[in-house]
Structures are given as C-alpha cells and as structure tokens.
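The values are calculated or read from the model by the stated rules, or taken from the named source; none is laboratory data. Here the structure is a predicted model, which is why all the values come from computation and not from measurement. Heads up, the Cβs are rebuilt from the backbone with ideal geometry, glycines too, and the neighbour counts pull from every protein chain shown. The accessibility values were calculated without ligands, DNA or RNA, using every heavy atom of the protein model including side chains. Shrake-Rupley method; radii C 1.70, N 1.55, O 1.52, S 1.80 Å.
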Amino acid sequence: MVPDSSAAPDEQLPPTDVVEESVRLLKGVADPTRLRILCLLRQDEQNVHALTDALDVSQSAVSHQLRVLREARLVATRRDGRHVYYRLADDHVYDILSAALEHGREVC
C-alpha cells in the first residue's frame with residue numbers, strides 16, 4: 001500500500017519511540033543466521049541443541065543470535081526443566097518473516 005502523500009510531513013512520521021522499536025526489530029532480522037533461526041521457528045519451537053544441529057553452527061553462535069532475537073522481541077521462550085525452547089514471539093513476527101521471504105523470492 002502506498003502512503004497518502006497529501007498528509008503533512010509531520011503526520012507521516014511515527015513517534016520517535018515507535019521508530020526506535022521498529023529499527024530494533026528490523027536489525028534483529030538483518031543477519032543470515034538469525035533469519036534462518038526464525039525460519040526454523042516458524043514450524044515449531046526448538047531448543048538450542050536442535051537449532052545448532054539444523055544450522056550446523058556452534059552452540060555459542062546460536063546462543064548469541066538467540067540473545068539478539070530475544071532483545072529484539074522476535075522470539076519468546078519456554079523453560080522445561082533444564083531446557084529452554086524458543087518460538088516466534090507472536091503472529092506479527094510470523095507475518096513480517098513471511099513478507100520478507102516473499103519479497104526476497106520476487107527479487108530472485
């Protein structure tokens with residue numbers, strides 16, 4: 001959807017706190033490993049071990065990327081004993097991820 005160009009410039013800009021939160025979210029997705037983690041979490045929740053195996057990267061690398069994703073509020077966690085399971089934070093994240101991947105497919 002194309003924005004309404006008849007609106008005054010200050011009406012087109014979201015509040016600063018909204019912009020900052022949106023930038024944090026987009027930075028969270030802006031890494032190939034993080035994007036691949038999010039793709040895996042679209043299907044079902046996963047623990048670090050499962051993600052490490054699926055991505056063929058070190059556990060410390062996966063843990064680091066999950067920390068960034070948590071800080072960006074893109075993933076949520078559930079603890080079961082010693083294990084922590086990760087999932088997409090909400091339907092908005094699923095929608096953002098789907099739109100980004102679809103856009104990527106159009107370019108390719």
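Some points to look at:
- Percent accessible area from carbon and sulfur atoms, segment 8-53, protein chains only, probe 1.4 Å: 55 percent
- ³J(HN,Hα) computed for each position of segment 100-108 - Karplus, 6.51 cos²θ - 1.76 cosθ + 1.60, integer Hz, glycine/proline x: 5, 5, 5, 4, x, 5, 5, 6, 6
- Backbone geometry of segment 31-48 corresponds, through the Karplus equation with coefficients 6.51, -1.76 and 1.60 at θ = phi - 60°, to 3J(HN,Hα) couplings of 7, x, 5, 5, 5, 5, 4, 4, 4, 5, 6, 5, 7, 6, 5, 9, 9, 4 Hz, x marking Gly and Pro.
- Rounded accessible area per residue of the chain, 1.4 Å, Å²: 71 Å²
- Placing a label point 7 Å from the Cα of residue 18 along the Cα-to-Cβ line, no residue of segment 75-104 has its backbone N under 16 Å from it.
- Computed [θ] at 222 nm, helices only, for the chain once each DSSP H run of length n ≥ 4 contributes -39500 (n - 2.57): -19000 deg cm²/dmol
- Low-density loop positions, trypsin sites (Lys or Arg not before Pro), segment 15-108 - DSSP coil, at most 13 other Cβ in 10 Å: 82
- 5 Å-binned pair-distance histogram of segment 22-63 (Cα, whole percent): 5, 23, 32, 23, 12, 5, 0
- Protein-only accessible surface at a 1.4 angstrom probe places the residues 52, 16, 77 in the order 16, 77, 52, largest first.
- Rolled with a 1.4 Å probe across the full set of protein chains, the surface gives residue 75 an accessible area near 10 Å².
- A Cβ-based charge dipole, computed about the Cα centre of the chain with Lys and Arg at +1 and Asp and Glu at -1, lands at about 660 debye.
- Degrees, to the nearest 10: 16-29 long Cα axis against longest axis of the chain: 40 degrees
- When you work out D = kT/(6 pi eta Rh) for the chain at 20 °C and 1.002 mPa s, using the Kirkwood radius from C-alpha pairs as Rh and the Stokes-Einstein form, the result is 139 µm²/s.
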